[in-house]
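The values are calculated or read from the model by the stated rules, or taken from the named source; none is laboratory data. All figures in this text were calculated on a predicted structure; none of them were measured in a lab. Neighbour counts run over all protein chains shown; Cβ positions are idealised from the backbone, glycine included.
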Amino acid sequence: MAGMESSEGEERKKVVVVSGGVGGSLVARSLQFNTDVILIDLKEYFEMARASLRAMVEPSVAERSVIEHADYFVNG
């Protein structure tokens, strides 16, 4: 990734995002096309905590409430 160039020929900026929660995952996903992004998080996935209670009574919600970070990065 070091030294990668954008389509205009200039070197891409590098950004480190700490935490893959709501804000961090949104920022990382948004910046991935214009910068080199490194996402640092304790988990390999984003979990919608609000859906946890609903998932207790409707198990199919549990599958939809967890999103792997690698799933929303174009280059993994």
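So the values come out like this:
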{"quantity": "Matching strands (runs of 3 or more DSSP E) fully within segment 32-76 where at least 1 residues are more than 17 Å from residue 14 (Cα to Cα) and modelled with pLDDT under 90", "calculated": "45-47, 66-68"}
{"quantity": "Exclusive hit being surrounded by 14 or more Cβ atoms within 10 Å (Cβ to Cβ), closer than 12 Å to residue 20 by Cβ, among the hydrophobic types (A, V, I, L, M, F, W, C) and touching a residue at least 12 places away in the same chain (Cβ under 8 Å), set 67, 40", "calculated": "67"}
{"quantity": "Count - residues of segment 1-20 that are among the small types (Gly, Ala, Ser), out of contact with any helix residue (DSSP H, G or I) (no Cβ under 8 Å at 6 or more places or on another chain) and either assigned to a strand (DSSP E or B) or at pLDDT 75 or above (or both)", "calculated": "1"}
